[in-house]
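The values are calculated or read from the model by the stated rules, or taken from the named source; none is laboratory data. Values in this document were obtained by computation on a predicted structure and should not be read as measured data. In this analysis, Cβ positions are derived from the backbone assuming ideal geometry, glycine residues included, and neighbour counts consider all displayed protein chains. Just the protein is used for accessible areas: all its heavy atoms, side chains included, with ligands, DNA and RNA removed. Shrake-Rupley method; radii C 1.70, N 1.55, O 1.52, S 1.80 Å.
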Amino acid sequence: MLEPDPAFRPVRMRDGYLPLEDLGLIGDGSTVALAGLDGSIRWLCLPRFDSEPLLCGLLDREHGGQFSVSPEGLTEARQRYEPDTAVLITELRGAAGVVRLTDALALRPGVDLTDDVPAGRGELVRSAVVLHGKVRLNVDLDPRGGAQARAAASGLLVMPARRQDLRLHLRSSRPLSGLHGTYDLEQGDSLDLVLSWGRTHRHHRFDAGAMLAATAAAWRRWMTRFSYDGPAEPLVRRAAITLKLCDHWVNGSLVAAPTSSMPAPIGGVRNWDYRYTWIRDAAFAVFAMRRIGFADEADAFLGWVLDAFEQSQQPRIMYDLDGGPVPAEWEDAGLEGYRRSAPVRWGNGAAGQRQHDVYGEVLDCAYQWVRGGGQLQPQLWTALASLAETAGQAWRQPDQGIWEVRGEGRVFTYSAAMCQVALDRAAAIAERLGLPGPASAWQAAAEKLRQVIVDQSWDEDARTLSEHLDGGGSLDASLLALPLRQVLPADHPRMVATATAVAERLSAGDGLLYRYRHDDSPDGIAGDEGAFLLCSFWLADNLAMQGRVDEAGELYASLCARASPLGLLSEQIDPSTGEFIGNYPQAFSHIGIIASGVTLARAKARAS
């Protein structure tokens, strides 16, 4: 649960690794770092999200690399954010004193975070001050593969063995003798460290305090646009910042998560690289961000989707940050994996899959763009209209579905539903802007497909819509998204029955849901997985839209209570332990916090 003023707690390791709940996120719109409760940074990709990691001790404690600032004899610690910022404070209790460590990826003074220009300085700031007692502070910078260092301009020139393309400079407020050092400090003493990679020269003013202040001020200016009147307001505020940290500010793209290969479950092989942009994630993010005051971010997401589609001509389910193809998937045998959960993967093999929901995702983004006052150039409209025509036929064909199964394809109900969305939105765009195209035929086809979904996926014996369009009664939780995409109203009798069936048959206990049951719906991958948090938020949405506001509120509150003390969520929860699993932090989970909060607030307003 989010705790603005948390108590100290023991620094615990599981299999030699920090729990995900004990990692804080900082970022600058190009990349992020994960800073641990123990004072270590074990995840940093430079210069951007999808680059090879400089530090990835999160995936191998011995060989992945880290940047640690920690007192000798560390026993307990606590973490919190400066309010309304991505400036992270970690207080660490050592053998004879307490040190406060402030971390941030620095932003330029006066920067406007709504501009699609670089805001970061290309610098990681780590500022330590002893609050009381005496502290022996150990500092270690150890990139993956090792590094050499030599004295240069009030600091060290750092040359990582694996990343010779990076020009790194480490500066300090105290003398540096190398990449490993020890400092004996007393109450009031401080140590400032700045690791730079984005500058072409090293002779510039060193003022870590000013850099932290400018960074905090930039975040607080951005947060003045936040607008929300609903449940769990502090957590929704933090979710907005987390989504912004998953956004590449120049391009407008949104990574699904800033990490790769975090296992779900521990010891399993379901380890994927999420540092890319899925079209469906952007579509859901637009809905969430626009409704809490961040229209500029929503427009940037939409514009990026349309640009990427226009450049590729054919829709892809995911793109790299520039709108290009995602690298081929490969396994890195040099890393043991988080908590020894191999393999570690880079790139993503699902990028070339057939997933018919992408037609609806692209056209829904285009529709939201038009509703917000945007225009469509003739060439782009021609491509979008062709996409609607394709969707009108593709729904009959098997695909890998929203959950990207790596086994045999089927005709998934959600994929057919998103083809219905494609037809519906194309008709609405054509009518709204007076664009050429068979709008009436598209609308008629959309209505016919809606009825096909209601009739053909329904299983009378199971009393539910089915995950496959030919019925059969097997379930997947994406059926809960049909009302959210306006395919069926949440109070349609068959949708109400389906929500009940999902809640009962896919339950992982305590409000958690599985995406599907692997025995009923094999996906071509060995092993099981945890409970997928977004699915539970979708269930809360359905309950709220059905008028079951109290039930929706209870479920939403229970999901919010699962957030870490910093207000962060992973992709999945291990139902047996409550631990975070999967890539972290996961954009989808924070979209759920925002979108379900908005839906619940509106439902309560209607009921009052």
Please list the non-local residues whose amide H lies under 5 Å from the amide H of Ala508, H modeled 1.01 Å from N, same-chain partners needing a gap of 5 or more. Leu513, Tyr514
When the Karplus curve 6.51 cos²θ - 1.76 cosθ + 1.60 is applied with θ = phi - 60°, which whole-Hz ³J(HN,Hα) does each residue of the stretch 346-352 get, with x for Gly and Pro? 10, x, 9, x, 7, 4, x
Calculate one ³J(HN,Hα) per residue across the stretch 554-561 by plugging θ = phi - 60° into the Karplus curve 6.51 cos²θ - 1.76 cosθ + 1.60, and present them in order as whole Hz with x for glycine and proline. 5, 5, 4, 4, 5, 6, 4, 5
Could you report the stretch 54-133's accessible area per residue, 1.4 Å probe, as an integer in Å²? 32 Å²
Cα centroid of the stretch 481-552 to Cα centroid of the stretch 339-371, whole Å: 20 Å
Taking 0.36 nm per residue of separation between Thr75 and Asp5 and subtracting their Cα-Cα distance, the length gained on full extension comes to 23.3 nm
Tyr359: accessible area at probe 1.4 Å, nearest 10 Å²? 30 Å²
With θ set to phi - 60° and the Karplus curve 6.51 cos²θ - 1.76 cosθ + 1.60, what are the ³J(HN,Hα) couplings of the stretch 378-392 in order, to the nearest whole Hz, using x for Gly and Pro? x, 5, 5, 4, 4, 5, 5, 5, 5, 5, 4, 4, 4, 4, x
Counting only the heavy atoms of the protein chains, how much of Asp299 is accessible to a 1.4 Å probe, in Å² to the nearest 10? 60 Å²
Return the loop-located GluC sites (Glu not before Pro) in the stretch 35-105 (DSSP other than H, G, I, E, B) with at most 15 other Cβ atoms within 10 Å of their own Cβ; answer none if there are none. Glu62, Glu72
5 Å is the cut-off here: which amide hydrogens, built 1.01 Å from N in the peptide plane, fall below it relative to Arg410, excluding neighbours closer than 5 in sequence? Asp399
So, in Å, what gap is there between the alpha-carbon centers of the stretch 388-454 and the stretch 69-98? 51 Å
About its Cα centre, how strong a charge dipole does the stretch 397-497 have in debye, to the nearest 20, once Lys and Arg get +1 and Asp and Glu get -1 at the Cβ? 360 debye
Note: probe point = Cα of Glu310 + 7 Å toward Cβ; backbone nitrogen < 20 Å; residues of the stretch 117-135 passing the test are 117
What ranking, highest mean first, results for peptides 568-580, 30-42, 110-122 when packing means the other Cβ atoms within 10 Å averaged over each residue? 30-42, 568-580, 110-122
Highest average packing first - 272-278, 153-159, 391-397, Cβ atoms within 10 Å: 272-278, 391-397, 153-159
Net charge near Ala540: determine it from the other residues with C-beta under 11 Å of the C-beta of Ala540, scoring Lys and Arg +1 and Asp and Glu -1. -2
With a ≥ b ≥ c taken as the square roots of the eigenvalues of the C-alpha gyration tensor of the stretch 258-322, please select rounded if a/c is under 1.5 and otherwise prolate if a/b is larger than b/c or oblate if it is not? oblate
Just read off the accessible area of Tyr516 with the full protein assembly in place, 1.4 Å probe, to the nearest 10 Å². 10 Å²
Can you list residues from other chains, or at least 5 along the same chain, whose modelled amide H is less than 5 Å from the amide H of His132? Val98
Looking only at aspartates and glutamates whose Cα falls under 12 Å of Lys134's and that sit 8 or more positions away or on another chain, we get Glu72, Asp184, Glu186, Asp189
Write out the chymotrypsin sites (Phe, Trp or Tyr not before Pro) in the stretch 175-252 meeting two conditions: DSSP loop, and at most 16 other Cβ atoms within 10 Å of their Cβ. Phe206, Phe226
Filter the GluC sites (Glu not before Pro) in the stretch 319-423 down to the DSSP loop ones having no more than 14 other Cβ atoms within 10 Å, then list what survives. Glu408
Quick one: ranking Met1, Met223, Met13 by accessible area, 1.4 Å probe, largest first, what do you get? Met1, Met13, Met223
Pop out the carbon and sulfur fraction of the accessible area of the chain as a percent, whole number, probe 1.4 Å. 47 percent
Anisotropy class of the stretch 216-326 from Cα gyration tensor, a/c 1.5 cut: oblate
